[in-house]
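This report refers to the structure that appears directly beneath it.
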Amino acid sequence: MSSVVTGAVAPASSSEEGETLRIRGGRPLTGRVEVKGAKNLATKAMVAVLLGNSTSILRDVPDISDVGVVRSLLEVHGVHVTDGENPGELVFDPSGAVSANFEQIDAYAGASRIPILFCGPLLHLLGEALIPDLGGCRIGDRPINFHMDALRAFGAVVDKTYEGIRITAPDGLHGAQIELPYPSVGATEQVLLTAVRARGVTELRNAAIEPEIMDLIAVLQKMGAIISYEPNRVILIEGVDQLRGYDHRCIFDRNEAASWAAAALATDGDIFVGGARQQEMLTFLNVFRKVGGEFDIHEDGIRFFRGGELRPVVVETDVHPGFMTDWQQPLVVALTQANGVSTVHETVYENRLGFTRALVQMGADIVVHPNGIADPARRVPRRALEQAAVITGPTPLRGADVVVPDLRGGYSYLIAALAAEGESVVRNVGILRRGYEKLFAKLDTLGADFDVIG
């Protein structure tokens, strides 16, 4: 077995360290798994309960650690959170919401970047927000200046302290004209959660339009917000004096669905992903088919399997409706088994290809170009931070000892270990609990051969 290989610096949270899997690869993954609500919607809809003056109910909430972090943050702010009558159901009573002290917030903030989205709702509710150091996956620069600039445009005052950031709104918040320099999902969520109760009209240009964003808009509209989506990434929000609670079922997690699809491709398996829907995955499905994968669309999900020999492709990650950056990491593992040279242009995060170092240790032929590759056939405009990976296949993968670097990269290590000949040890697997519900049980259902050894 090889020496330990890491793809990137792992988060420091002790709750996400220590779990280790021993995986015996070379077996196709076959069977059915279910996906619940999207992590990228559920956690943001939970923050939105602070804006309402009555009880909210959120359904199909995944049992993942990111949800647990947001639940704890809501509870330290006085929101009463209970489990509903059905599995995956949470009930929120915000009537007792109060300001939390910095130590309480900081205790949870290192494991997630969600606290920054509390700013707008807390400013409306309490007049101030405290933001400590932020956690999350170390996949590149995720500057908070987009968030802070937007909050200042609403009339907020941002003060940096030795503990973190203190934000106040001495004169309340008002509508604003905001144009994002990049269609950031997080910054778009920040504007939405702040603008719905700001005085006047907010116009957001160059907004992110991911399905999870549209689902968040649906949540806010149920609460009484007035939000319209205009052409060319423009969102208009008319502020209202008060909002009520909501009852909402989360959109499915298309990132998890794509991860299982890539696992079927890499291991030559056959996986039915219950709850997956075609419409939100059109871009992924096109690339999946070009690689040589096949899929059957059913009313209750999508079946993924190989259609024959895997073929090389050129992929450019981009904001929606482009190919998601979260999709490329699991797909790269499958591309190591394609017959020819594939290129993945990563244009969203500058450090998201660091995970490939471990795949090379496992036998993959991957060359990362840290400054990207110019190509006249490119459709996505080049960005200064982008990188590119050139993958030559097919190459047999062999077992290795690897450390999970981040959420999607870590899942890619699992796929690689399951596809590889021999035994692998995958460490720091607890990070995957941030985005994959009941992962070990699902792997067991699909016939994976593994032991939990730590």
### Task
Taking the dipole about the Cα centre of the chain, with the C-beta of Lys and Arg at +1 and of Asp and Glu at -1, give me whichever of Ile226, His298, Phe118 is farthest to the positive side.
His298
### Message
Please report the antiparallel percentage of the DSSP beta bridges confined to the chain, to the nearest 5.
### Response
70
### Message
Charges at C-beta only: +1 for Lys and Arg, -1 for Asp and Glu. How large is the resulting dipole of the range 288-438 about its Cα centre, in Debye rounded to 20?
### Response
180
### Query
Based on the mean of other beta carbon atoms within 10 Å per residue, what is the order of 409-420, 425-436, 23-34, most packed first?
409-420, 425-436, 23-34
### Query
All other residues with a Cβ under 9 Å from the Cβ of Val185 taken together, and with Lys, Arg as +1 and Asp, Glu as -1, what is their net charge?
-3
### Message
Looking at the range 265-327, I'd like the Rg to Rh ratio, where Rg is from alpha-carbon atoms and Rh is Kirkwood's inverse mean 1/r.
### Response
0.96
### Task
Counting helices only, and only those DSSP H runs with n ≥ 4, report the 222 nm mean residue ellipticity of the chain as the sum of -39,500 (n - 2.57) divided by its residues, in deg cm²/dmol to the nearest 500.
-8500 deg cm²/dmol
### Query
To the nearest Å, what is the center-to-center distance of the range 395-434 and the range 229-247, using C-alpha atoms only?
41
### Task
Report ³J(HN,Hα) in whole Hz for each residue of the range 25-33, in order, from the Karplus equation J = 6.51 cos²θ - 1.76 cosθ + 1.60 where θ = phi - 60°; Gly and Pro get x.
x, x, 10, x, 8, 9, x, 10, 10
### Query
Using +1 on the beta carbon of Lys and Arg, -1 on that of Asp and Glu, and nothing else charged, what's the dipole of the chain about the Cα centre, debye to 20?
740
### Query
Once you charge only the Cβ atoms, +1 for Lys and Arg and -1 for Asp and Glu, what is the size of the charge dipole of the range 298-381 about its Cα centre, to the nearest 20 debye?
180
### Rg followed by Dmax, in Å, when the range 391-454 is reduced to its Cα trace
11.8, 34
### Task
Can you spot the lysines whose alpha carbon is less than 30 Å from Lys160's alpha carbon? Ignore those fewer than 8 places along the same chain.
Lys39, Lys44
### Message
Given the chain, report the % of alpha carbon pairs whose separation exceeds 30 Å.
### Response
44
### Task
Pick out, from Phe92, Leu446, Pro321, the residue whose Cα sits farthest towards the positive end of the charge dipole of the chain, with +1 on the Cβ of Lys and Arg and -1 on the Cβ of Asp and Glu.
Pro321
### Query
Over its Cα atoms, what ratio of radius of gyration to 2.2 N^0.38 Å does the range 199-324 give?
1.32
### Message
Quick check on the range 351-409: take the gyration tensor over C-alpha atoms, sort the square-rooted eigenvalues as a ≥ b ≥ c, and tell me if it's rounded (a/c under 1.5), prolate or oblate.
### Response
oblate
### Summary
In whole angstrom, the spacing between the Cα centers of the range 256-308 and the range 325-391 equals 21
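No lab work stands behind these numbers, since they all come straight from the coordinates. This one's a predicted model, so the numbers in the text were calculated from it and none came from an experiment. Note that each Cβ is placed from the backbone with ideal geometry, even for glycine, and that neighbours are counted across all protein chains shown.
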